[in-house]
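> This structure is in structure tokens; I'll ask about it shortly.
Read-outs: derived from the displayed coordinates by stated rules, not from any lab. Quick caveat: nothing in here was measured; it's all calculated off a predicted structure. Note that each Cβ is placed from the backbone with ideal geometry, even for glycine, and that neighbours are counted across all protein chains shown.
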């Protein structure tokens, strides 16, 4: 989600960010099959709190060169509910190509609700068919950040993916935790990213190929 959680601007705002990362990890899993990715994020924030975003990515494949990886569409509504809290409601739909690390189900849709404070926030995401798992899932997370200096930020997230009800896929019958710890160093218009991601041991509903449950990811980004 690319919407700002600061006070609503006086006019609509458009944003564009281009990034490159050594791997694309999502909740501890590699969506890029462990390969480097390039990402373009576009965002729109309206004064009334409505926002929309689109994210497209390409991957440097092992044998086929640079190929399209994924597309994510996101829309929602953010509103202050107190001096320090922002309520965030929305939906996101993501689809990944055959060059991703995702198995047969290469798309998913989630509805989410979150509450963000100045330093800490929480979000719950509900999906009817998570990555082709043919069952409802609920992902809950707590995230936070601390500005260590004016240009250096520490951020972190810990979450759990929980099956809801029964479905055709029964491998992930228990909750699976995921975590991420990262640093962002801003140098002029460029931001350098470094993060450690990890996930719990469980049957793998994401990846067609197995990847380590822990990884370091590095990258850089800049606003256009």
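> If R0 is 35 Å, what FRET efficiency do you get for residue 63 and residue 113 from their C-beta distance, rounded to 0.05? Let's see the in-between values first.
On the way: r = 41 Å, r/R0 = 1.19.
Plugging the Cβ-Cβ distance into 1/(1 + (r/R0)^6) gives 0.25.
> Of the peptides 25-33, 93-101, how do they stack up when ordered by the mean number of other Cβ atoms within 10 Å, highest first? It would help to have the intermediate numbers written out before the result.
Numbers: 25-33: 22.6, 93-101: 19.0.
In descending order of packing, they fall as 25-33, 93-101.
> Can you give the FRET efficiency to the nearest 0.05 for residue 93 and residue 196, using r as the Cβ-Cβ distance and R₀ = 25 Å? All intermediate terms of the calculation are to be shown ahead of the outcome.
Numbers: r = 28 Å, r/R0 = 1.13.
It comes to 0.30.
> What is the stretch 72-155 by shape, rounded, prolate or oblate, if you read a ≥ b ≥ c off the alpha carbon gyration tensor as root eigenvalues and call it rounded for a/c under 1.5, prolate for a/b larger than b/c, and oblate otherwise?
Prolate is the answer for the stretch 72-155, as a/c is 1.5 or above and a/b outweighs b/c.
> Follow-up question, since we're still on this one. Once both labels are modelled 7 Å past Cα along the beta-carbon direction, what's the residue 218-residue 16 spacing in nm?
2.9 nm
> While we're on this one: Expected output is a single nm value to one decimal: the length gained when fully extending between residue 46 and residue 158, i.e. 0.36 nm times separation in residues minus the C-alpha distance. What is it?
Numbers: separation 112, 0.36 × 112 = 40.32 nm, distance 2.96 nm.
Gain on stretching residue 46 to residue 158: 37.4 nm.
> Full-extension gain between residue 175 and residue 189, please, as 0.36 nm times their residue separation minus the C-alpha to C-alpha distance.
1.1 nm
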